[in-house]
Amino acid sequence: MLLSMFNVAALAALLALSAPACAADDGIAPPTLRASITVTSDVVRVGDLIDNAGSAAQIPVYRSPDLGTTGALPVAQVLSVLRAKQVIGVMTGDLKEVTVTRLARTLANKDLELAVASALERRFGLGDAANITVTFDRGISNVRLDASNTGALQATATRYDARSGRFDLSFEINNENSLAPTKLRLTGTAIETVEVAVLTRDIDRTEMLKSSDVALERRPKADIQGEAASRERAVGMQLRHPMRAGTPIRVADIAKPDLVQRDQNVTIIYQVPGLYLTTRGKAVDSGSEGDTVSVLNMQSKRTLQGVVTGRGQVTIQGASQSAPAAPAVEQTSSRREETPAAAALAQSLIQAPVSPTQIAQAQAKSE
């Protein structure tokens, strides 16, 4: 009985398609083969291939290409298959082949990573999703789904091992063709990372970090002990100890660059209102701007303490000094409104160390 009904339908399709001339006379458009088609189901039907297919439209003729792919069919082969289905009289024009594209919803690897990171965000001791790096097990890459799967990925089961970073997540995606959602399972590892500045080459302690010496990378948060330094903070600074290329830079690893190096010849500046004196010295310590270091007065052979105020420059602070010292000038001494007391003070500064009290007393005598 079922076979008989099918024969009747086929006969009706044959009668509908076998007389295009009569159809044209009656004002009915003839069945015409399409040059390219798109399908969403797993089968290609007569109605997909032919315009004005009539009652034969639902007859299946081909299996669809894989999801998201395109295939080509020679016209002669298409007509042969159609004739086998009792569909004849199809207009082909000058077509040589028919292309068939199966539509699909593609979930790119990045989309899947974001779905996993979002499901784990602020759970199991992890932080923001943007800082969670996801790596899938082998075999998991872009996922193609039937185009009817239009729903969002909804996590339904979440398992995570904080020690190993392993995850096993199940998702559901609602679709238009079925009440039952499509299920998807993803496995792999997820770790929290931080953006850190790393060295691009081996660096000595004495070198100042240049822009080309520092790059940004993401590293596992657990591998960074202490506060990570940003690239902006690291450039222009000096390492506290030698470090190798690829090493993350922490805040504790950097310091302001030394403007004075140990055993370096420096300019010692004595400055108080009305008196400015420079002399040669040798640094006993290294120091950056603002550091207090010891220097050897080369004339008196006495050791003094001063503040690093410039490259190769150490200033002996006077009791009444309120403004930073001006850059040193190559000279032995320079005195403003010089008095006998100020001249005596200058001579004593060259010969031996002087305390702030002595400087204040000498100023009082000169006023």
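The numbers here are math on the coordinates, done by the rules we state, and not lab data. Nothing here was measured: the structure is a model prediction, and the numbers come from that model. Backbone-built Cβ (ideal geometry, glycine too); neighbour counts: all protein chains shown.
Quick rundown of the values:
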| item | result |
| --- | --- |
| Interchain or long-range residues, amide H under 5 Å from residue 104's placed H | 68 |
| Rounded if a/c under 1.5, otherwise prolate or oblate - segment 107-190, Cα gyration tensor axes | prolate |
| Cα lying deepest toward the dipole's positive end in segment 169-259, options 188, 254, 177, charges on Cβ | 254 |
| Note, ³J(HN,Hα) from phi for segment 186-202, Karplus 6.51, -1.76, 1.60, rounded to Hz, x at Gly and Pro | 10, 10, x, 10, 9, 10, 7, 10, 10, 8, 10, 7, 10, 7, 8, 7, 5 |
| When each of 110/256; 85/183; 96/183; 210/282 is checked by Cα-Cα distance, pairs over 32 Å | 110/256; 85/183; 96/183 |
| For segment 161-191 versus segment 110-128, the gap between their alpha-carbon centres in whole angstrom | 12 Å |
